[in-house]
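In what follows, a single structure is set out as C-alpha cells and then discussed.
The values are calculated or read from the model by the stated rules, or taken from the named source; none is laboratory data. In this text the structure is predicted, and so the values were computed from the model without any measurement. Quick reminder, even Gly has a Cβ in these numbers, built from the backbone with ideal geometry, and neighbours come from all protein chains shown.
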Amino acid sequence: MSQTTTLETLQTQAVAPRQRDKAPVAMSFFNMDGFELMQRIAKAFSQADLVPKQYQDNLPNCMIALDMAQRMGANPLMVMQNLYIVHGTPGWSSKFLIATVNTCGRFSSMRYEWKGEPGSSDYGCRAWAIEKSTGERLDGIWVTWKMVNDEGWAAKNGSKWKTMPDQMFIYRAAAFWQRAYAPDLGMGLQTAEELQDVIDAKRDADGSFTVDLDVLRRQQEVTDKAPGAGQQALEHEPGEVIDTVSGEITKSAQRQPADQQPDTGTDELNLE
C-alpha cells in the first residue's frame, strides 16, 4: 500500500538540505553576505533610542561600531555608548578601557598606587595589575602633578583636573598602563579625556613647531561628548584670538576687517 506524499512535504525535503549546508554568516566589510548582514543589524541599531545621537539614523557610524565590537568581542551597544568623537578624533571613555582590561581574562583587576602629599608636585598615582599567565606585577608609569602641569593638561578652561583631580589621575594612569601592556584592547585609540587635554604640534625642519588651525577651530565647533561635559563649544568668530598653548579663546583688542585677515593654515609655536 503506497503512502500519499503531499506537495508541501516534497518542497520541505528539497529545501532542507540546502539550509543545513549553508554556513553561518559573519559580519564583514569584505564579502557580500557579511556586508548585507552588517547593514541589516546597523539599520536596527540606528533606529533605537538607546544609542547615542551620533549613531541615530547614521548607518555608516553604526557599521563601524559593529565592526569594532566584533573585533574586540564586546557588546555593540556598549561600544557605541563609550566611543566618543573629540576634536574630530574617536576615543574611548577611560572607564570603558578599565572595564575591558578587567574582563579580558589576561590580567587581574587594575589597581592604583599613590605617592606624595596632595597638592605637591610629586603627588600622583600609577596603575598596576598582575599578568595571570606569569604572575608578574606590571607597573604603569607615574602620573604626577609635575607631569600634569608640564604638559598643560590643567590649564584649559573647564578642565576636570581642577575639579576632580584624583579621578583624572586614575583615568590617565589607566590609559598609560593599557597602551603599554595591552594596546590591542583599545585598538590603538586614545581616551576621550586625553584627546581633550592634548593638542598635536608638529616639529618642522627648522626646529619650530606648528599647529593646524583647523584642529583648533574644530575644538570650538564640535559638541564635547565626553562624560561629565555637557557644554557645547562656541564657534570661532573672526574677532576672536585662540591661545594655541592653553586652547583659550579671547577677544582681540581690535577686530580686523575680514578682507585684511591673513588666511593661514598653521600657526607657529615657540616651545623651546
Inset, instruction - Could you tell me whether segment 40-50 includes any residue that is within 23 Å of the chain's Cα centre (by Cα), under 15 Å from M168 (Cα atoms) and not polar (S, T, N, Q)? - result: no
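Just for helices (runs of 4 or more DSSP H) wholly inside segment 150-238: which have at least 3 residues that are under 18 Å from the mean Cα position of the chain (by Cα) and at pLDDT below 85? Give the derivation first.
Values: elements: 160-163, 165-181, 183-186, 192-197, 213-221.
The qualifying helices (runs of 4 or more DSSP H) are 192-197, 213-221.
Which residues, counting only those in segment 80-135, are among the small types (G, A, S) and either touching a strand residue (DSSP E or B) at 6+ places or on another chain (Cβ under 6 Å) or in contact (Cβ under 8 Å) with a residue 60 or more places away in the chain (or both)?
Looking only at segment 80-135, we keep the residues that are among the small types (G, A, S), and these are 88, 91, 93-94, 99, 105, 108-109, 116, 119-121, 124, 127, 129, 133, 135.
Listed by number, the residues that qualify are G88, G91, S93, S94, S108, G124, A127, A129.
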Inset, instruction - Inspect segment 131-146 for any residue being more than 18 Å from G188 (Cα to Cα), in a helix (DSSP H, G or I) and either among the polar types (S, T, N, Q) or outside the structural domain of K43 (by TED's automatic domain parsing) (or both) and give the result as yes or no. - result: yes
Inset, instruction - Determine whether segment 60-76 contains at least one residue that is over 26 Å from I98 (Cα atoms) and at pLDDT 85 or above. - result: yes
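If you take the residues of segment 142-161 that are touching a residue at least 60 places away in the same chain (Cβ under 8 Å) and out of contact with any helix residue (DSSP H, G or I) (no Cβ under 6 Å at 6 or more places or on another chain), which of them is nearest to W128 (Cα to Cα)?
Out of the qualifying residues, it is G152.
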